[in-house]
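The next block holds one structure in the form of structure tokens; read it before the comments.
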Amino acid sequence: MTTNQDLFTAAQNLMPGGVNSPVRAFGSVGGVPVSMVAGNGPYLTDAEGKEYVDLVGSWGPALLGHSHPAVLEAVRAAVDKGLGFGTSHPAEAQLAQLVRSRVPGAEMIRMVSTGTEATMTAIRLARGATGKNLAVKFAGCYHGHSDGLLAAAGSGVATLGLPGSAGVTQAQASETIVIEYNDRSALQTVFAEHGEDIAAVITEATPANMGVVPPEAGFNQLIRSLTEAHGALMIFDEVMTGFRITEAGYWGASGREEGWEPDLFTFGKVIGGGLPTAAVAGRREIMEQLAPTGPVYHAGTLSGNPVAMAAGVATLQHATAEVYQHIDAKAQVVTDALAAALSDAGVDHTIQKVGNLFSVAFGTSQSGVHNYSQAQAQETFRYGPFFHTMLEAGVYLPPSVFEAWFLSAAHDDAAVERILSALPAAARAAAE
Ligand code: PLP
């Protein structure tokens, strides 16, 4: 039998770190990365034939669970007609219409292939539309790996303990102002000092790349009012939260906060249904600044690929209110049990949670985690033993304490029971 170790050893010789995305290398939890070969509902199966309850969900896209029959059927039907044409085709408008019908403020949509491309394009669009240069981002928020957005970028970067990235020039870094999340006065100061030059503030609707960090009441609205007052755009990065959590502000159907809208959104993950699709969306007069109607260039060989559009359409069509109620309810069950197991084992912690998106932070009960400094100050060493005890018991968690846990519509009672029964031993391991 080919083992996970065999596969990883071979991969390390072929790919930097043996992976195509750093967190997959298990750097912060140690051990051998698990090579998955199949996903079905809430389960993943590795190369050694071991089955896991999956709490990574492909890092978000698997809202309906793995290999949902309707999504697979839609993909197969699309594949039968061809893998891509490099032309317009009907499914692009179908997905755009689904997004628009559920997100007030998403008047026009441009499909791209990754979340990174979506935020990069949104920033360029904001600069083009406002004629200003500076972007403001929050420490610990991850918006993909484009040069200007890598400063203090949370999750993967935090896992590796890097301040940012080599290869980003001083000039690029200097056009991004980074401030602490949930810090109202820092935001006000930045606008007081640089308001004339700020093209955009980009924020995760609910940060989930430094662990989950809820926006304090009124924080998103403060971003909205300051950007509006200074002629800057507000970019709401919903790559992670979009069509996943109702509490972020926007999801579909009727889940939006009343009274304000950002200028631009970015979506990804769920809207691609597991295939590479993401999007920039927003107000018509801003979106029309994109080529070919406007001067801001964006293009993509695979943008709006028909197979990816089919997966996205089928996923959003099945993302009903019942799906969200189910995932929200299961998230409550899992977080209640997680908190109880950790408390029983005497492990100081906070459960960081917004709707169905959650993470755990260790040694943080005194202050809570409201920003990146607090997230980084936690007892990260407790997560490795916790993670590996869960893995051994057949539960696949994100291999970093800075990542959110993802449930899906397919996580039924049996899958949740497996998670719950694994928690006490993992909590005891975290206590040591
Ligand atoms: N924005 C947010 C909020 C994300 O969580 C991510 C990825 O996790 C991205 C952007 C980048 O998306 P991608 O990995 O598809 O480039």
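No lab work stands behind these numbers, since they all come straight from the coordinates. For clarity, every value in this text was computed on a predicted model and none was experimentally measured. Reconstructed Cβ throughout: ideal geometry from the backbone, glycine too, with neighbour counts over all protein chains shown.
Odds and ends about this structure:
- Backbone HN-Hα couplings from phi across the stretch 90-106 [Karplus 6.51/-1.76/1.60, Hz, Gly and Pro as x]: x, 5, 4, 5, 4, 5, 4, 5, 4, 5, 4, 5, 9, 10, x, x, 8
- Taken one residue at a time, the phi angles of the stretch 333-338 give Karplus couplings (6.51, -1.76, 1.60, θ = phi - 60°) of 4, 5, 5, 4, 5, 4 Hz. Gly and Pro are set to x.
- For GluC sites (Glu not before Pro), the sites in the stretch 46-150 that DSSP calls loop and that have at most 16 other Cβ atoms within 10 Å are Glu48, Glu107.
- Value of [θ]222 nm, deg cm²/dmol, for the chain, DSSP H segments ≥ 4, -39500 (n - 2.57) each, nearest 500: -11000 deg cm²/dmol
- Among the trypsin sites (Lys or Arg not before Pro) in the stretch 1-97, those located in a DSSP loop and surrounded by at most 15 other Cβ atoms within 10 Å of their own Cβ are Lys50.
- Prolate/oblate/rounded label for the stretch 317-432 (Cα gyration tensor, a/c 1.5): oblate
- Per-pair calculated FRET efficiency, R0 = 51 Å: Ser225 and Glu392 via Cβ, rounded to 0.05: 0.55
- What the phi angles of the stretch 302-313 give under the Karplus curve with 6.51, -1.76 and 1.60, with θ = phi - 60°, is a coupling list of 9, 4, x, 3, x, 6, 5, 4, 5, 5, x, 4 Hz, glycine and proline written as x.
- Listed by chain and number, the lysines whose C-alpha is less than 22 Å from the C-alpha of Lys137, apart from same-chain residues fewer than 8 away, are Lys269, Lys353.
- Averaging Cα coordinates gives a centre for the stretch 95-149 and one for the stretch 344-400; these two points are 29 Å apart.
- Summarising the amide proton neighbourhood of Asp348: residues at separation of 5 or more, or on other chains, whose placed amide H is nearer than 5 Å comprise Gly363.
- For Ala278, nonlocal amide neighbours, meaning residues 5 or more places apart or on other chains whose placed amide H falls under 5 Å from its own, are Val112, Ser113, Thr114.
- Shape of the stretch 69-318 from the C-alpha gyration tensor: prolate (a/c of 1.5 or more and a/b above b/c, with a ≥ b ≥ c the square roots of its eigenvalues).
- Legend: Rg and Dmax of the stretch 1-145, from Cα coordinates, 19.7, 59 Å.
- Considering only Cα atoms, the convex hull volume of the chain works out to 139 Å³ per residue.
- Cut-off under 5 Å, modelled amide H: who pairs with Glu204 long-range: Asp237
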